[in-house]
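Engineer: Starting off with a structure, shown below.
The values are calculated or read from the model by the stated rules, or taken from the named source; none is laboratory data. Please read all numbers here as calculations on a predicted model, not as lab measurements. Using ideal geometry, Cβ is built from the backbone for each residue, glycine included, and neighbour counts are taken over all protein chains shown. These accessible areas exclude ligands, DNA and RNA; they are computed on the full protein's heavy atoms, side chains included. Shrake-Rupley method; radii C 1.70, N 1.55, O 1.52, S 1.80 Å.
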Amino acid sequence: MSAPANDVQDYVGFDTITQQMERKFLKRGFNLNVILVGESGMGKSTLVNSIFASHLIDTQGRRAAQEVIRKTTEIAPVTQMLEENGVRVKLTIVDTPGFGDQCNNEGCWVPVIKYIKDQHAAYLERELKPNRERIIVDTRVHACLYFLNPGSRGLRPLDVEVLKRLTEVTNVIPVIAKSDSMTIEERTAFKRHIKEELAFHRIMLFPYASDDDADDDRVLNASIRELIPFAVVGSEEVIEVEGKLIRGRRHGWGVINIFDETHSDFVHLRNFMLRTHLSDLIEVTSQRHYEQFRTSQLRQIKELRAQQAAAAASGGAPPVPTQAQPQVPISVMQHQPMAQV
Amino acid sequence: MAPSAPSINSTMSSRMATPRPSSYRYKSEKRGMTYNIMLVGQSGLGRRTFLNTLCEREVISPPDAPNPETANVADPMRFDTYEVNLEEEGTRISLTVIDTPGFGDGLNNTDCFKQLQDYIEAQFDEVLVEESRIKRNRRYRDHRIHTLIYFITPTGHSLRELDIELIRRLGEYVNIIPVIGRADSLTVEELATFKQNVMRDIDYYKLPLYNFCWDESDSEALKENREIMDYTPFSVVTCDEVIDNEFGAVRVRRYPWGSIEVDDEGQCDFALLRYILLNSHIADLINFTEDVLYENYRTKKLEVGGFAEGEGGDEEDDDEEDEQVLSTSKKD
C-alpha cells in the first residue's frame, strides 16, 4: 500500500470571487448612460459613434432649409444593446439638440440639468419604495461629454456657466471634437488656457482627486488631467491609405488617422472612458453625485415634514414651503423610519 | 409713407441704368482709393488672420493670453479700426478695416445686430450731412462700409440663427459677402455639401447677400460673376505663419498630417476672394454701396423726416442753411 497523500488544504479558494463576480456580471450586463452637450456642428454624433465603433446616433443638426431652427434645448435619448465577448451593455446616448444654437442662449442649459436631476430623482424614488426591485434600473447619467469650440482661445461665457452647473450633478469630460483645424501649438495653448480657467472658476472634473487610492491610480489620473480637454477627431469613414485601411478623414493636404496618437487624443479618450475608468464613471456617479442629490433631497423632505408637523401641532394650516420643493414625492417617504433620514 | 427697401436681388438693373458719378469717390493719386471693409464673426473663426493674410503683413498682432478671471464675462462688441495702404496691380488703395470683436460671443447676442446697424447707418448719416453742406470739406474721408465679410462657423450643417439674423438685418445697408472661416476643418465633400446647404438657406429665407450679378449690362462680366457666385460662401483658411519654400515666402498652416498653403486655390477660396475684394470687384462694391445702398438709405431717411424741411435743427445756423439747400435741391 502507498503512503497517504497530503490533505492539509491550505488553499482556501476565496480568490475565485473575482471569477464569480465576473460570471454574475456577464449574466446581468450593465447600463451606461452618456449625455452629449455642445452646439450643433461640433462633432458630437460622429465622436460618440467613433468611440463605440458603431452608428449609434444620427446628427441632429439642421441640414434642409425647411427644417425649423430649434428654439430650445431638446433632450433626445437613444438606447441600444451592445455586446462584446459576452458582456452586454445597455447603452443610452442622450443628445441635446438646440443647446447653444440660438442668438440668446441664456438658460439653454436648464433642460439638460433638469434631465440629469430627473434621473437621480427617479432612482431615489425607486430606491425608497417599500417593495423595491432587486436591481433598480439605472438611468442616471454616468458621463457628460462637453464639447468645446475649437478656435476659441479658452472657455466662453456659455461654457463657464454650463460647466459650473454640470459638474455639480454629473461626471464631466470636456473634449474638442473637431480638433483637426487646430495646429499642435494652438491645441497646447488652448489646453493651457482652459486648465487655468477651470482652476480659477473652481470647476471640478472627473477624475476627482479623492478617487486616487493607489499610487498607480494617482499616476494614471495625473496623466489624464494633463490631457484634458481631449483634442480629438472622430470619423465613421474607413479610407485607404497606401494599401492600408484606416478610420480617418481625408483632406487635400493629408490624411488623418483617428487612432494615430500624434494626430489626436482619440485613443486616450476612448481608453479613458471605456478601458480604464468605465467602472469608476458608474461608481462615482452613484457614490458622489447621486449621494449628494439624495442627501439634499432627504434633507428637504425632512425639513418640510418638520414644518408640517409644527403647523399641525399649533393648529394652523400647513405652511407654504418657502424653499425648493423636493423632487421625490413625499408619499413615497411615508414608510421611511425617521431615524434613517 | 416711407418706401420699403427694394429687394436687392431683383430690381437693381433698372435702378442702375445710369450710375451717378459720386463726388465722394475721392480718388487721389497720393492717397489711393478709399475702401472700407468690415469683418464680422464670432471669435475663433479667423478674422484677425484674415486681415493679416489679406494685407500680407501683421496688421493685428496675436492677442494676449486670455485672463481666466474674465472667462465668464463676454466683452462687449467693439469696433476696432485699422488703416492699411495697399497697392494692387498699380492701383493704390487706402484701406480701412473695421474688426468687430465680441460679436456673438456672449450668452445673449440679440443686441449685436442693432449695434452693427447703428454703426453702418452712422457712416451714411455723416455723408448725408456732408453732402448737404454748402461749404463741403475737400478733405472729407468717406467712412461708408463698402463690404461686410461675414464669417460662418464650419458646422457642416447649414446656417445658424445668428447667421440668418445678421444677413437679414444688415443686407439692406451693406454688401455682405459670406465666408466659411476655418475651412480646413472640412473635407472636400463636406465643404461642397455645406456650401450647398448654406445657399439653400439663403434662398429659402431670402437673405440679402451681395449680388455679384447686379450689373447686367456687360454680358461677359455677368457670365464671370455667375461663376463667382457659385463659390459662395467662400472657404477661407488664413494664418500668421510664413515660411520659405522653393517658391518664396508662403503662408502655411502645418499639421502632423500635412500642410495647407493659404494661397493654393485648390485648397481654399482665399486667393479668389482676395482678388475679388481688392482687384476685380472693388469698383463694383464701392459703386453699389454709393449708388444703391446709400441712395436707398438717403431716400428713406429724407422721406421719413430725418432731415425734413423746416423741422428741428434750430441750434446752429449751419443746419438751417443745410435745410434750405436740401429743400431747394428737392424742387429740381
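Engineer: Can you find a residue that is open to solvent by 10 Å² or more (accessible area, probe 1.4 Å) and within 12 Å of chain A (Cβ to nearest Cβ) anywhere in the range B:78-101?
Structural biologist: Yes: one or more hits.
Engineer: Right, here's the next one. Scan the range A:61-75 and report the pairs whose first residue is more than 9 Å from every other protein chain (Cβ to nearest Cβ) and touching a residue at least 12 places away in the same chain (Cβ under 8 Å) and whose second residue is among the aliphatic types (A, V, I, L, M) and surrounded by fewer than 17 Cβ atoms within 10 Å (Cβ to Cβ), with Cβ atoms within less than 9 Å and a gap of 6+ or a chain change.
Structural biologist: A:THR72/A:VAL110; A:THR73/A:VAL110
Engineer: Given the criterion in contact with a Phe, Trp or Tyr (Cβ under 7 Å, 6 or more places away or on another chain), of a type in the set (Phe, Trp, Tyr) and touching a residue at least 60 places away in the same chain (Cβ under 8 Å), identify the matching residue among B:PHE103, B:PHE124, B:PHE151.
Structural biologist: B:PHE124
Engineer: Would it be correct to say that A:ASN6 is in contact with a Ser or Thr (Cβ under 9 Å, 6 or more places away or on another chain) and polar (S, T, N, Q)?
Structural biologist: The answer is no for A:ASN6.
Engineer: Would you say A:VAL37 is at pLDDT 95 or above, of a type in the set (Val, Ile, Thr), open to solvent by less than 40 Å² (accessible area, probe 1.4 Å) and within 29 Å of A:GLU161 (Cα to Cα)?
Structural biologist: Yes.
Engineer: Okay, moving on. Which residue out of A:ILE194, A:ILE116, A:ILE173, A:ILE93 is within 14 Å of chain B (Cβ to nearest Cβ), crowded, with 21+ Cβ neighbours inside 10 Å and among the β-branched types (Val, Ile, Thr)?
Structural biologist: A:ILE194
Engineer: Now for a different question. Among the residues of the range B:41-77 satisfying the criterion of being loosely packed, with under 13 Cβ neighbours inside 10 Å and within 9 Å of another protein chain (Cβ to nearest Cβ), which is nearest to B:VAL179 (Cα to Cα)?
Structural biologist: Out of the qualifying residues, it is B:PRO63.
Engineer: Consider B:GLU165 against the criteria (1) modelled with pLDDT of 95 or more; (2) part of a loop (DSSP other than H, G, I, E, B); (3) within 10 Å of another protein chain (Cβ to nearest Cβ): it satisfies all of them except one. Which criterion is unmet?
Structural biologist: (2)
Engineer: Of the residues in the range B:251-273, how many are within 24 Å of B:ILE176 (Cα to Cα) and touching a helix residue (DSSP H, G or I) at 6+ places or on another chain (Cβ under 6 Å)?
Structural biologist: 4
Engineer: If you don't mind, there's one more thing I want to ask. Search the range A:179-191 for residues that are within 9 Å of chain B (Cβ to nearest Cβ) and pair each with any residue that is part of a helix (DSSP H, G or I) when their beta-carbon atoms are under 6 Å apart and the residues are at least 6 apart or on different chains.
Structural biologist: Note: pairs meeting the criteria are A:ASP180/B:SER185; A:SER181/B:ASP184; A:SER181/B:SER185.
Engineer: Might you let me know whether the range A:146-159 holds any residue that is within 14 Å of chain B (Cβ to nearest Cβ), in a helix (DSSP H, G or I), modelled with pLDDT under 95 and crowded, with 21+ Cβ neighbours inside 10 Å?
Structural biologist: no
Engineer: When A:ILE203 is evaluated against the numbered criteria (1) away from chain B (no Cβ under 14 Å); (2) touching a residue at least 40 places away in the same chain (Cβ under 8 Å); (3) β-branched (Val, Ile, Thr), which criterion, by number, is the only one it fails?
Structural biologist: So A:ILE203 meets the others, but not (1).
Engineer: Further question on the same structure: Looking at (1) away from every other protein chain (no Cβ under 14 Å); (2) in contact (Cβ under 8 Å) with a residue 40 or more places away in the chain, which one does B:ARG139 not meet, given that it meets all the others?
Structural biologist: That leaves (2) as the condition not met.
Engineer: Can you tell me which residue within the range B:172-217, out of those that are in contact with a Ser or Thr (Cβ under 7 Å, 6 or more places away or on another chain) and in a strand (DSSP E or B), is nearest to B:VAL262 (Cα to Cα)?
Structural biologist: B:ILE180
Engineer: Would you mind telling me which numbered condition in (1) within 14 Å of another protein chain (Cβ to nearest Cβ); (2) buried (at least 19 other Cβ atoms within 10 Å of the Cβ) B:PRO233 fails?
Structural biologist: With (1) within 14 Å of another protein chain (Cβ to nearest Cβ); (2) buried (at least 19 other Cβ atoms within 10 Å of the Cβ) applied to B:PRO233, the lone miss is (1).
Engineer: For the range B:184-223, how many residues meet the condition of being away from every other protein chain (no Cβ under 14 Å) and surrounded by 13 or more Cβ atoms within 10 Å (Cβ to Cβ)?
Structural biologist: Total satisfying the criteria: 11.
Engineer: With (1) open to solvent by 70 Å² or more (accessible area, probe 1.4 Å); (2) more than 22 Å from A:VAL169 (Cβ to Cβ) as the list, and A:LEU220 as the residue in question, which single condition is left unmet?
Structural biologist: All conditions are met except number (1).
Engineer: Does any residue in the range A:247-265 that is more than 7 Å from every other protein chain (Cβ to nearest Cβ) come within less than 6 Å, Cβ to Cβ, of a residue that is open to solvent by 50 Å² or more (accessible area, probe 1.4 Å) six or more places away or on a different chain, and which pairs are these?
Structural biologist: As it stands, the answer is A:ARG247/A:VAL238; A:ILE258/A:ARG247, since those pairs meet every condition given.
Engineer: Related question: In the range A:1-46, how many are outside any helix (DSSP H, G or I), among the polar types (S, T, N, Q) and closer than 30 Å to A:ILE135 by Cβ?
Structural biologist: Residues that pass the stated criteria total 2.
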